[in-house]
Amino acid sequence: MTDTIPPVPLTLAARVDQVFPTLTAAQIARLAVHGQVRHVQRGEVLIEAGEQPARFFVVTAGHIAIVRPSGGTEALVAILRPGQFTGEVTMLSGRRGVVRMRAGEPGAVLEVARDHVLALV
């Protein structure tokens with residue numbers, strides 16, 4: 001008898017909590033001493049694709065849309081809600097980012113400089 005493992009689709013929707021975890025209030029408070037609150041407006045670009053991300057953002061109010069620009073269009077990658085954070089591997093490695101991060105509505109983020117994030121890891 002052979003065990004067969006049913007295929008599991010590796011969709012972002014099925015794993016969003018693993019890919020984009022939510023920080024607890026205590027974790028956000030620990031990060032807050034290393035950054036500053038920044039109020040954002042709908043459509044405000046926090047990081048542009050092709051930039052070297054020098055900041056880490058924790059959403060505290062509103063939401064951030066993560067999109068992958070391609071030609072004149074964008075493909076939605078994820079929506080980050082309060083407690084979720086940015087910080088793709090390119091931010092840690094110092095390489096240029098591949099996504100655009102934009103405020104989807106008026107809100108606020110905790111902005112932490114890359115150097116402060118690296119000192120915490």
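Can you compute the modelled spin-label distance between A26 and R38, with each label point 7 Å from Cα toward Cβ, in nm?
2.8
At 1.4 Å probe size, put I64, I28 in order of accessible surface, largest to smallest.
I28, I64
The values are calculated or read from the model by the stated rules, or taken from the named source; none is laboratory data. Being a predicted model, the structure only gives us computed values, none of them experimental. Reconstructed Cβ throughout: ideal geometry from the backbone, glycine too, with neighbour counts over all protein chains shown. Ligands, DNA and RNA are excluded from the accessible area calculation, which covers all protein heavy atoms including side chains. Shrake-Rupley method; radii C 1.70, N 1.55, O 1.52, S 1.80 Å.
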